[in-house]
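All remarks here apply to the structure that follows.
The values are calculated or read from the model by the stated rules, or taken from the named source; none is laboratory data. Treat the numbers as computed from the prediction; the structure is a model and nothing was measured. Heads up, the Cβs are rebuilt from the backbone with ideal geometry, glycines too, and the neighbour counts pull from every protein chain shown. In case anyone asks, the SASA skips ligands and DNA or RNA and just uses the protein heavy atoms, side chains included. Shrake-Rupley method; radii C 1.70, N 1.55, O 1.52, S 1.80 Å.
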Amino acid sequence: MNAGDTILTAVALPLAGAVAIAFAGRINKNLREGVTLVTAAALAWTVASLVPLIYAGARPAISITEVVPGIELAFKVEPLGMLFACLASGLWIINSIYSIGYMRGNAEQNQTRFYTCFAIALAATMGIAFSANLFTLFIFYEVLTLSTYPLVAHKGDEKTVRSARVYLGILLTTSIGLLLPAIVWTYIVAGSGDFTPGGILAGKLEGPAVGLLLGLFVFGVGKAAIMPVHRWLPAAMVAPTPVSALLHAVAVVKAGVFTVTKVIIYVFGIDFLFAEPSSSWLVYVTAFTIIAASIVALRQSNLKRLLAYSTIAQLSYVVMSAAVLKPFAEIGAMTHMVAHAFGKITLFFAAGAIYTAAKKTEIHQLHGIGRRMPWTMAAFTIGALSMIGVPPTGGFVSKWFILAGAFQAENYLVLATIILSTVLNAAYFLPIIFMVWFAREKSSPDINHGEAPLAMVLALTITAGLTIGFFFFNGPVLELVGPIVGMKP
Amino acid sequence: MINWAEHLPALQVVVPMLCAPLVVLLHPRGFAWAAATLASLFAFVISISLAAGLLRGQTYQYNMGSWAPPFGIELRVDAFSALMLLIVTGASTITLFAARQSIDQQIEEERQPLFYAAWLLALSGLVGILVAADAFNIFVFMEIAALSSYVLVAGGPDKRALPAVFKYLIMGTIGATFYLIGIGMIYLMTGTLNLADMELKIHEVADQKPVLAAAGFITIGLALKAAVFPLHIWLPNAYTYAPHMVTAFLAACSTKVSLYVLLRLDFFVFQANLSEHDIQFSYFLMPLAVLAMLVASVSAMFEQNLKRMFAYSSVAQVGYIMLGASLVNQAGLTASIIHMFNHALAKGALFLVVASLAMRFSRLRLCDISGAGRQMPWTMAAFVVAGLSLIGVPGTAGFISKWYFISAVLSEGAIGVALAIIIVASSLMAVVYVWRVVETAYFGVPQVGAIKISEAPFSIIIVIWIAALANVYFGLVTDVPVMLGTMATEALMGHLR
Amino acid sequence: MELLGLYHYWVFAVLLMIGFYAVMAKLNLIKKLIGLSMFQAAVFLLYITMSKVDGGTAPIIQNGAENQLFSNPLPQVLILTAIVVGISTTALGLGIVVRIKEEYGSIEEHEILEVDRQ
C-alpha cells in the first residue's frame, strides 16, 4: 500500500486493536494479552516501514476530510514526528510485556479496560506524531488526555479519583483555555496552521505578540509540564506503574514536548523566533523549572514522586534546549526525547518491579534491595546514570548536543543550568544507588522476596539495554533529525 | 394531477396539524404513538428534501391559495429556515422514536392520545414559524406552538410542573403579546406585514419613534420566549418537571425557534434601516449574553438535579448564540447559526440519556445516579459522548461551534480577547458540571438498598446512540450545517451592505 | 403635540400597564390571569384603533354606492385571530389553576411555594 495508507493504518490500527482487545477480554485473558502484543508489533512494523521514506527525503502525506472550510484533518510525516512515532510504537511493545507482568503480579482489577484505553492512547499518540497541522494535532491531543484519564483513575478509590480529577482538570484547562485560543489566533494571523519548515508566522506577527503567542502555546501544552502547569504529573502517580511508564516515557509527556518543539520549529521557525527578543523568556522559565523541580525531587521520599519531579526537570531540558534556537541545541532537544524515554521507562519499570515483588514504595525502605533484585536494580542504576548524563548511557549523548548548542548560542544561563542540574540529579540519584547496593538490609524484610516476575524483568532489561545502546548506536537517530535543522551528521 | 413537490412547505405544517385530531381518536395501545411518530417522520423527510434542494440552489416560495404577496400569505424556505427545520423535525422524530416506554411510564394510557396530539400541534406550530414569511403568521404559529408546549410540559406526573407551567404561560403570553404590539406598530407605520415587503417599506419611515419602539417590543418579547438572560426564569422549572421526553424535544428546539425569529426580524428588517441599530443591538445584547454564559454556567455547577443542571446549561448556550449574533458580523452570525444546530444535537442527546436514566432511577439527583456507569453502561457511555460535545472537545459537533466562536471574537480586537476568555471560562465550567456526573456515575458507589438496576430498553439505547454518534459525525463532516449556516448568514447580512 | 387627540393610544397604554401590573404584583393566580386578559385586551384596542379611518364605514362593499371610504379590515381580522389566541390561553390558564387547586389546595402563589419548599 502507498505511504498515505500506511499513515492511516498506523493511526487506525491501535483503534481496531482496542476494539479487538475489548472483545477478547470477555473471552480469555491470554487471548487479550495476545491481541495487545500482536497489535503493538503490527504497529511498530507499520511505523518502521515509513522510516526509509523519510531517510530518502520524502514527506508522505494524506488528507482525510475538510472539517471546517479551509481546515483539514490531515497527516504528514516529517523526521521529528517519525522519531516520536517510532519511539512510542516500539516502547508500546515493551510496555505491554511489562504490563502483563505487573497486572498479573498484582492481581489488578479491570484489566480489559486498562489494555483497551492503552491502545486508544497509542492511537492518539500516532495521530499527534503524524499530524500535518495544528487542528489535527489538537484533536488527537485531546483524545490522548481523555483516553489516559481512565488509566490514571484505574484504582477507582477516592484518593485516586481526586488525583485523576487534578490530572484532567489541569490538562483540559490548559488545552481549552490557552492552547485552543493560541491555535485559533495562529490560524487567523497566518491564514493556516500547516506545519511548514521555517515556520508560518514570519512577517505576520511581530513584537510582544510573538512572545504572548509563544506563552499561550508553551503553557497551553500542559503535557510538557512547564511550571506552573506541572501539578498534574505528581498527581498522576496514583496510577499503576505501567501507566506511569506510558505517561512519562512513551506517550503523554513526550507528546507535550514534541508539540512544543514542533510548534517552535514548524510554526514559529527557529530563525524567526531567534530574531524576536520577546521570546527569550522561555529559556528563563524552563531553567527555573529545571532547578526548582530538581530541588523538590531532592526532598521526596516516595520513589515514584521523585521520578515524577525528575521527569518535570528532564522535560524542561528538552524545551529549554529547543528554546536556545541553534541547530545543535535542537538536535539535543530531539535526541533527549529519545534518551529520556529510554532512561525514564527503565526507572519506572524498576519502581513497579520493586512494588510488585516487595510491596515497597518509599526510598528509605530500599536498603540493600540490590542484592535481592539484581537485575531490577542494575537496570535502575543504568537509568539513573542516564538521567545524570554519565557515559556510556544515552543521556550523555543528548547532554553533549545541548551543551554544544548552548556554546553555539553563547547562552551561559543554559550552560550553568545544565551543570547545576546535573549536580542535583547526582545528588538525589547517587545516594539511592549506593543505598540499594551497599547498605545493609534493615532487620528482616516483611516479605522474603526475590526478583520480580519474568515479564517485568525482561522488559526492564530490554529498556536498560536500549539506554546503553543509544550511546553507541545513535547514528540513525541523528541521520533522521539532522535534516530538520539542515545538518549532515 | 397535483404536483406534491410544489406543496412541500405547506404540507410540512398541515400534515402534523391534521394528524393531531386524528391521533386523539386512536385509543388502542401504541397506535397514538405510532401515528404521531409517522407524522413527525413525514415532516422530517420533507425538511431533508427541502434542505437538499436548497443546497442544490433551489429556492422555495409558496403562496397559500395562490394569492400573491404582499396581500396573500406567503411561505418561504431559505437556508436559515431549512437548517432550523432539520433541527425541529429531527428532534421531534428522534425523540418520538424513543418516547414510547418513557411516556408509558409517566402518563396514563387514557391520556396518551391527547398527549401525542399536543405534541403534533407543537410540532406543526414550530414548523409553521419557520416557514412563515409574514410577521402575523409567525405570531399565530408561535402561539399554537406555545399553547401545545404548555400542555406537553404539564402532562407529566410531577405536580410541581403545574406552577412551572403557569409561570411559563404567563411569561410566554407576555412575550408573544409584546411581539404582537411590536408588529402592530410596524403595520401602523408601513402598512404591511409581509417580511420582504416590510424590509422595503421601512426605509421610508426609518428612525421614527414608533419603529424604534416596535423594535424594542419585538426584541424583548422574543427574548422572553427565547429565555435570554434575565428573562429565562421560566425555563429551569419548566424543563425540570416536564415529562422527560418532552424536555428532550423542547430543549433541542423551542428556544432556538424564537431566536430564529429574533434574528430574522432584526437582521432582515431592522438592521439596515435603523441607523445605529446595530450598535444598540450589540450594546444591549452582548452584556446579557455574557451574563447568561457566566451566571447560568455557575448555577449549573452548583445544581444537584440533573435536569435542572442541563436546563441552566441551555440558558448558557442561548447566551453563546446571542453573543455571536451581537457581534453583528459575518463570522459571529455564522457561528451562532451553526451553534443552534450543534447544540440541538448535544442537548437533545443529553436529555435523551437523562430520560433513559429516569426509566430506571426514581430520582435524578447526582447522588441518586451514583454508580450508574456500571449498571447502565451503554446509557452512560452515550452520556460521555454527548457531554464531550457540550464541552466542545475536538471530534464532536460542539467543538466546531467553539472554533467558529473563538475565531469570530478573536478578530474583534481588545474586546474580542475578553470575550474569548469568557467563552473559555464557561467551557471550563461546562467541563466541571459534566465531569461531576461522569465521576459520580463511574466511580461512585450505588445507593445503599438500591434495587438492582438494569440497562434501559433497547429501543431507547438505539436512539440515544444514534443521537450521540450524530454528534461525532457532525463534528467531522460539517458540510451541511456549515454550508446552510453560511448561506443563511449571507442572506441575513446581505441587507447590511 | 395633540395629547388629547391621541387619547386612544393613552387608553391602550394605561390598560396595558394595569394588566401588566396585575400579572406581576398579584399573588392570586386568577387575578394574574385577569391581568393577563386585560393586557391582551389592550393590544386588541391598539389594533382596532389603527384600523379605524376617519369617516370610514364598515368594510363591506355595497352594490351601486360610489366613493366609499372603508375602515381597514385587515387589523380587524388580525385581532379576531388574536382574540381567539387570547381565549385559548385564558382557558388553558384557568384549567391549570383548577389542577393547581386540586394538587396544592390553594391558588395563592406564596402558599404554593410554601408547599413545594417542604
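Numbers below:
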{"quantity": "Any chance A:Val77 is of a type in the set (A, V, I, L, M, F, W, C) and in contact with a Lys or Arg (Cβ under 9 Å, 6 or more places away or on another chain)", "calculated": "yes"}
{"quantity": "Residue match in segment C:25-34 (condition: more than 9 Å from chain B (Cβ to nearest Cβ), assigned to a helix (DSSP H, G or I), at pLDDT 85 or above and surrounded by 15 or more Cβ atoms within 10 Å (Cβ to Cβ))", "calculated": "yes"}
{"quantity": "Matching residues, segment C:90-107, being at pLDDT below 90 and more than 10 Å from chain B (Cβ to nearest Cβ)", "calculated": "C:Gly105, C:Ser106"}
{"quantity": "Filtered residue count, segment B:201-241, keeping only those that are over 16 Å from the mean Cα position of the chain (by Cα), in a helix (DSSP H, G or I) and of a type outside the set (Val, Ile, Thr)", "calculated": "14"}
{"quantity": "Close pairs from segment A:260-278: first in contact (Cβ under 8 Å) with a residue 12 or more places away in the chain and of a type in the set (Val, Ile, Thr), partner outside any helix (DSSP H, G or I) and surrounded by fewer than 16 Cβ atoms within 10 Å (Cβ to Cβ), Cβ under 6 Å, at least 6 apart", "calculated": "none"}
{"quantity": "Residues satisfying the stated conditions in segment A:129-145, i.e. within 12 Å of chain B (Cβ to nearest Cβ) and assigned to a helix (DSSP H, G or I)", "calculated": "A:Leu134, A:Phe135, A:Thr136, A:Leu137, A:Phe138, A:Ile139, A:Phe140, A:Tyr141, A:Glu142, A:Val143, A:Leu144, A:Thr145"}
{"quantity": "Some residue of segment A:45-62 being in a strand (DSSP E or B) and not aromatic (Phe, Trp, Tyr)", "calculated": "yes"}
{"quantity": "Candidates A:Ile64, A:Ile71 - the one that is under 26 Å from A:Leu480 (Cβ atoms) and within 14 Å of chain B (Cβ to nearest Cβ)", "calculated": "A:Ile64"}
{"quantity": "Checklist (1) of a type outside the set (Phe, Trp, Tyr); (2) surrounded by 20 or more Cβ atoms within 10 Å (Cβ to Cβ); (3) touching a Phe, Trp or Tyr at 6+ places or on another chain (Cβ under 8 Å) applied to B:His7, failing item", "calculated": "(2)"}
{"quantity": "Unmet requirement for B:Cys367, which otherwise passes all of (1) at pLDDT 90 or above; (2) out of contact with any Asp or Glu (no Cβ under 8 Å at 6 or more places or on another chain); (3) more than 8 Å from chain A (Cβ to nearest Cβ)", "calculated": "(1)"}
{"quantity": "Pair list, Cβ < 7 Å and 6+ apart or interchain, from segment B:368-381 residues that are among the polar types (S, T, N, Q) to residues that are part of a helix (DSSP H, G or I) and open to solvent by less than 30 Å² (accessible area, probe 1.4 Å)", "calculated": "B:Thr379/B:Val353; B:Thr379/B:Ser356; B:Thr379/B:Leu357; B:Thr379/B:Ile461; B:Thr379/B:Ile464"}
{"quantity": "Pair list, Cβ < 8 Å and 6+ apart or interchain, from segment B:393-404 residues that are facing chain A (nearest Cβ under 7 Å) and assigned to a helix (DSSP H, G or I) to residues that are open to solvent by 10 Å² or more (accessible area, probe 1.4 Å) and at pLDDT 90 or above", "calculated": "B:Ile400/B:Phe474"}
{"quantity": "Any chance B:Val445 is aliphatic (A, V, I, L, M) and in a loop (DSSP other than H, G, I, E, B)", "calculated": "yes"}
{"quantity": "Failed criterion for A:Pro69 (all others in (1) closer than 28 Å to B:Phe474 by Cα; (2) open to solvent by less than 20 Å² (accessible area, probe 1.4 Å) hold)", "calculated": "(2)"}
{"quantity": "Qualifying residue in segment A:359-378 (condition: buried (at least 23 other Cβ atoms within 10 Å of the Cβ), of a type in the set (Lys, Arg) and part of a helix (DSSP H, G or I))", "calculated": "no"}
{"quantity": "Scope segment A:65-117; condition of a type in the set (A, V, I, L, M) and in a loop (DSSP other than H, G, I, E, B); matching residues", "calculated": "A:Val77, A:Ala107"}
{"quantity": "Candidate set: segment B:229-278, residues that are open to solvent by 10 Å² or more (accessible area, probe 1.4 Å) and aliphatic (A, V, I, L, M); chosen: the one nearest to B:Glu303 (Cα to Cα)", "calculated": "B:Ile233"}
{"quantity": "Output for segment B:169-202, where each listed residue is at pLDDT 90 or above, open to solvent by 20 Å² or more (accessible area, probe 1.4 Å) and more than 10 Å from every other protein chain (Cβ to nearest Cβ)", "calculated": "none"}
{"quantity": "Yes/no for B:Val88 being open to solvent by less than 10 Å² (accessible area, probe 1.4 Å), more than 13 Å from chain C (Cβ to nearest Cβ), touching a strand residue (DSSP E or B) at 6+ places or on another chain (Cβ under 6 Å) and of a type in the set (Val, Ile, Thr)", "calculated": "no"}
{"quantity": "Check on B:Ser407, more than 7 Å from chain A (Cβ to nearest Cβ), polar (S, T, N, Q), in contact (Cβ under 8 Å) with a residue 60 or more places away in the chain and not in a loop (DSSP other than H, G, I, E, B)", "calculated": "no"}
{"quantity": "Output for segment B:91-124, where each listed residue is of a type in the set (S, T, N, Q) and open to solvent by 10 Å² or more (accessible area, probe 1.4 Å)", "calculated": "B:Gln101, B:Gln105, B:Gln106, B:Gln112"}
{"quantity": "Residues within segment B:356-385 that are open to solvent by 10 Å² or more (accessible area, probe 1.4 Å) and of a type in the set (Val, Ile, Thr), tallied", "calculated": "2"}
{"quantity": "One residue from B:Leu428, B:Leu388 being buried (at least 23 other Cβ atoms within 10 Å of the Cβ), part of a helix (DSSP H, G or I) and facing another protein chain (nearest Cβ under 9 Å)", "calculated": "B:Leu388"}
{"quantity": "Where B:Val480 falls short, out of the listed (1) away from chain A (no Cβ under 11 Å); (2) open to solvent by less than 10 Å² (accessible area, probe 1.4 Å)", "calculated": "(2)"}
{"quantity": "Hits in segment B:312-333 - residues which are open to solvent by 10 Å² or more (accessible area, probe 1.4 Å), in a helix (DSSP H, G or I) and within 14 Å of B:Leu492 (Cα to Cα)", "calculated": "B:Gln330, B:Ala331"}
{"quantity": "B:Leu130 out of contact with any Gly (no Cβ under 9 Å at 6 or more places or on another chain) and either facing another protein chain (nearest Cβ under 7 Å) or over 21 Å from C:Gly86 (Cβ atoms) (or both)", "calculated": "yes"}
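Conditions (1) open to solvent by 80 Å² or more (accessible area, probe 1.4 Å); (2) within 9 Å of chain B (Cβ to nearest Cβ); (3) assigned to a loop (DSSP other than H, G, I, E, B); (4) not acidic (Asp, Glu), marked per residue:
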| position | (1), (2), (3), (4) |
| --- | --- |
| C:Tyr7 | yes, no, no, yes |
| C:Trp10 | yes, no, no, yes |
| C:Phe20 | no, yes, no, yes |
| C:Ile60 | yes, no, yes, yes |
| C:Gln76 | no, no, no, yes |
| C:Leu80 | yes, no, no, yes |
| C:Ile87 | yes, no, no, yes |
